[in-house]
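Comments concern the structure below.
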Amino acid sequence: MEPTLLMACDDAGVATVTVHHPAKRNAMTPGMWRRLPVLLAELAAEPRVRVLVLTGAEGTFCAGADIGALRDAAHGHAADGHTAGGAAREQQTLAVAAEEALAAFPKPTLAAVRGHCVGGGCQLAAACDLRFASHDALFGITPARLGIVYPASSTERLVRLTGPATAKFLLFSGELVGAARALRTGLVDEVHPAGALDERVTAFAHALTARSALTQAAAKEFADGHTGPDRLAHWQREAAGSNEAAEGVAAFLERREARFDWRL
């Protein structure tokens, strides 16, 4: 199979996007970077999708950008004026566009990480709302190994997750860190045995589909810093025009699961 992004959606509304390029630890080709924002836009517009899970094929998450493109540019594929540096800048532009599209996805997003989560793979994981990892996952951000300037927006996102000291450690050194350290520093939210990760991710994602999508959408905006008066007024209008609070209170008093019906 050619390098690609696979998508599946279950009956509960959990969409799973799988990075599939196992021959290169699921490294992202330029075509894959370009495809991800388009795929995310399609999923965001699909009412039945309630939660997005991003993962990788065959026991690893994503090893970042496909460095083969940079090597090819450096070894004679320069008839059109491209150099290794130009190829690196193009890959970075594509990666940032994909990262920002993932961060802007309007529904809850969860990265399920096993194996290597490196470079652009770590960019994608950091752009998700939450990150669950297997105990053998390895995380790293490696531009210092390649002489590449890590994007400012990606650096800021990393700092918000881990704090400046851990962000500097990762960016200065390019070293890989294990899941336990990633958990301590805030890079991941939960760590599980490799055999239990899928079960936990599935159970958590399904739990999210049973909660209020109105609450989730507003909380995501506010948590991401979109807290202006216009956004607060927008969500107050949405709440007033919905049945979410009445249903939630009734379900609590009747000791049953709520049946929320608001959709983004």
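Observations, loosely collected:
- Result for the chain in a Gaussian network model with C-alpha springs under 10 Å: among Val19, Val51, Val149, the largest mean-square fluctuation is at Val149.
- Sorting Ile141, Ile67 from the fewest to the most surrounding beta carbons within 10 angstrom yields Ile67, Ile141.
- For Thr60, Thr18, Thr93, Thr142, order by how many other beta-carbon atoms lie within 10 Å, fewest first: Thr93, Thr18, Thr142, Thr60
- Annotation: extensible slack from Arg263 through Leu6 equals 90.0 nm (criterion: 0.36 nm per residue apart, minus Cα-Cα distance).
- For the options His135, His21, His234, a Gaussian network treatment of the chain with springs between C-alpha atoms closer than 10 Å singles out His234 as fluctuating the most.
- Here the chain is assigned +1 on the Cβ of each Lys and Arg and -1 on the Cβ of each Asp and Glu. Its dipole about the Cα centre then comes out at about 460 debye.
- For the options Ala95, Ala57, Ala133, a Gaussian network treatment of the chain with springs between C-alpha atoms closer than 10 Å singles out Ala57 as fluctuating the most.
- Summary value for the chain: 16 percent relative contact order, contacts being C-alpha pairs under 8 angstrom separated by 6+ residues.
- Stretch gain in nm, segment Leu176-Ala23, where the contour uses 0.36 nm per residue and the Cα spacing is subtracted: 53.0 nm
Quick note: the coordinates plus some simple rules give every number you see, no bench work behind them. Small disclaimer: the values here were computed from a predicted structure and weren't measured. Neighbour counts run over all protein chains shown; Cβ positions are idealised from the backbone, glycine included.
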